[in-house]
Amino acid sequence: GAIVVATGRFVRAYLVNGDLMWDFETLSPGAYADFRVQPVVGPRGDLFVGDSDGLFYRLDATTGALIESWNLGGPVLTAAAVADDYVFAAARGSVGFAATLHKLPIADNATAFWRRSVCDHHELRLDWPGTGLLLADANVIVACHWQGFVDAFDSATGATAWSVQVSDLEDDLVPALVGGPVPDEAAA
């Protein structure tokens, strides 16, 4: 077993005895680019994590080798959600530009991918996804940090399934799944 930690410009894996297995440095050239989100391990043993410059990485969890990367267009400050053939990742927007949710293929046969704006309940579009995404009942659940909305998007198409405002305060909303099925393929 190993413990994976995102810290500053590095993602590092340690054996359970504390010995370093590998480290991976962000590929972002910015002096202040760093990892600020929890890495997530998928069912294939790949590790997914994004950096503050908008690069989202797929690493081999055993070696730390880069498998592939994507530029999501904004800081990745939200832990991803991984299904068998896809990974869902979110990027923060900026004033006037909404945050985005991406469905990215991670299997050779995966072809249906999409990108859509999220957390855009305010005209300034200052909101962004909170600490982590969640997969539930063929939906991707996004808890929006600033306006207090929890939104669900169909994992196959990206269409809005439902939305509810649970708070009107700036909160770090953290969704959790209690019972119920999790999609096997996230509706390929």
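Couple of notes before you dig in:
- The ellipsoid equivalent to the alpha-carbon distribution of region 1-69 has semi-axes of 19, 14, 9 angstrom, derived from the gyration tensor eigenvalues as √(5λ) and listed largest first.
- Accessible carbon and sulfur surface of the chain relative to its total accessible area, %, 1.4 Å: 52
- Comparing Cα centroids, region 116-155 and region 1-31 end up 28 angstrom apart.
- Value of Rg/Rh across the chain [Cα atoms, Kirkwood radius]: 0.96
- Accessible surface area normalised per residue over region 98-171 is 45 Å², counting heavy atoms of protein chains with a 1.4 Å rolling probe.
- When the Gaussian network model of the chain links Cα atoms closer than 10 Å, the mean-square fluctuations of VAL95, VAL82, VAL11 top out at VAL95.
- Applying 0.36 nm per residue to the separation of LEU66 and GLU25 and subtracting their alpha-carbon distance, the gain on full extension is 13.7 nm.
- Taking amide H as placed 1.01 Å from N in the peptide plane, the amide H of PHE149 sits under 5 Å from that of CYS144, VAL166, each at least 5 places away or on another chain.
- Per-residue extension of 0.36 nm, minus the Cα-Cα distance of ALA159 and TYR32, leaves a gain of 42.3 nm for this segment.
The values are calculated or read from the model by the stated rules, or taken from the named source; none is laboratory data. Everything numeric here is computed off the predicted structure, so don't read it as measured data. What goes into the accessible areas is simple: the full protein's heavy atoms, side chains included, and nothing from ligands, DNA or RNA. Shrake-Rupley method; radii C 1.70, N 1.55, O 1.52, S 1.80 Å.
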